[in-house]
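Each remark here refers to the structure printed beneath this line.
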Amino acid sequence: QVGGFVDAFLVRDGEQVEAGAALVRLSNEPLAVAQAKAQAELREAEVQRAQLRDTDPSAAARAGDRARQLETELLALQYQRDALSVRAASRGRVAFDTHRDLVGMYLPQGHLIAQVLPDAAPLVRAVVDNSDIALVRERTVEAHVALASGSPDLSAQLRAAVPQATTALPSAGLGRAA
């Protein structure tokens, strides 16, 4: 697992993307250097194997073993380099964290920099104090959800209200028991 530096955003905030579309390109110089070094060592091992094939079969076999080891290492390095391209897991609208300038910033693998919102309306849950719920039920004409990314607001509607809800968790496994 490896992180990288943000090189470029390949799509705009709010843009529709398909599953698998590249969103962000990252770079990792030590990884690129390791890959170039392994490629050079592989070429050297292949040349050595070819030169020793007729004169020293056991040394040629060792060079061949080293070449296979390097090929495996190169596959792993290429897999890590491919992971430096952040891709959309699903179809939808991209919402980037636009409150920070991420270009040039190092991000560890798994760091959240964007979300792809599905085409279907997202489900948003909100907690409203019981003393204010009447205001929500009686006076709500329209609602909008503001995304943290600064993307355009989404239209919303009140679908259900749970009266007398509690903030205590129902199980000790989820935190503090009710």
Gain in length, N130 to D54, computed as 0.36 nm per residue apart minus the alpha-carbon separation, to one decimal in nm? 18.7 nm
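Hey, can you rank 52-61, 75-84 by average C-beta count inside 10 Å, highest first? Before the final figure, lay out each step's value.
Working: 52-61: 12.2, 75-84: 14.5.
Highest mean packing first, the order is 75-84, 52-61.
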Can you tell me the Rg and Dmax of the range 66-148, counting just the alpha carbons, in angstroms? 21.8, 75
Estimated D of the range 20-117 in µm² per second, where Rh is the Kirkwood radius over Cα pairs and Stokes-Einstein applies at 37 °C, 0.692 mPa s: 201
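None of the figures in this text is laboratory data; all of them are computed from the coordinates on show. Bear in mind that the values here come from a model prediction, so they are computed numbers and not experimental data. When we count neighbours, we look across all protein chains shown, and the Cβ atoms used for this are built from the backbone with ideal geometry, even at glycine.
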